[in-house]
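The values are calculated or read from the model by the stated rules, or taken from the named source; none is laboratory data. Source: prediction; values computed, not measured. Note that we place each Cβ from the backbone using ideal geometry, even for glycine, and neighbour counts take in every protein chain shown.
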Amino acid sequence: MQDWQDQELLLLGLTGVLAVLLLAAMIWIAVLAGRLNDLKAAYRKLVGDSGVSNLEDVMAAIHKRLGTLDRNAEALRERLAQCEQRLSAMKGHVGVYRFNAFAETGSDLSFSLALIDDSVNGVVLTGIYGRDQTFLYAKPLEKGESAYPLTPEEKTAIRQATQTK
């Protein structure tokens, strides 16, 4: 009878150990299931609304898109450089100097107008107003100088235009 009781105790102890191991395994499975859900959420976030279920395909699509963006960015850089070059060549700097060419007119109706680019290339226009006549002169400019003599008024207009750069 002692053997039978010993075997029952042994079986009961073994059942208890197995129950503890089963409980530990269930807890471990629950922890792993939580981690798996976190990984699934991260995967969905990574894949996003791409419509692709395979991560390799998503990465290939991203790589292709980045290549397209790089090409577009390079084209935009080239276009910007062209625009900057054209902009600096435009006669966008203006200087106006008004003066009284003849003492008897009593007003500053004469003017010198300088239209230049960043390299001080362009033109200076001078209008001389008199009671009976008005004269208009145009002198080309290269690097702030002209093949024609520049008057002090024209030089003042050029100086004003270079100060707007």
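Remarks
- Taken together, A61, A19, A114 contain a single residue that is surrounded by 10 or more Cβ atoms within 10 Å (Cβ to Cβ), modelled with pLDDT of 85 or more, over 30 Å from L136 (Cβ atoms) and among the small types (G, A, S), which is A19.
- Residue satisfying condition, being on the phi < 0 side of the Ramachandran plot, loosely packed, with under 10 Cβ neighbours inside 10 Å and either out of contact with any Pro (no Cβ under 7 Å at 6 or more places or on another chain) or not β-branched (V, I, T) (or both), within set R86, R71: R86
- Residue selected from the stretch 71-102 under the condition free of Cβ contacts under 8 Å to residues at least 60 places away in the same chain and more than 27 Å from the chain's Cα centre (by Cα), by the criterion farthest from K45 (Cα to Cα): F102
- Taking (1) polar (S, T, N, Q); (2) surrounded by 13 or more Cβ atoms within 10 Å (Cβ to Cβ); (3) under 30 Å from V47 (Cα atoms) in turn, T162 satisfies each apart from (3).
- Any hit, the stretch 130-138, residues being out of contact with any helix residue (DSSP H, G or I) (no Cβ under 7 Å at 6 or more places or on another chain), in contact (Cβ under 8 Å) with a residue 12 or more places away in the chain, loosely packed, with under 13 Cβ neighbours inside 10 Å and in a loop (DSSP other than H, G, I, E, B): yes
- Comparison of T126, T68, T105 shows that the only residue that is of a type in the set (V, I, T), modelled with pLDDT of 85 or more and over 26 Å from the mean Cα position of the chain (by Cα) is T126.
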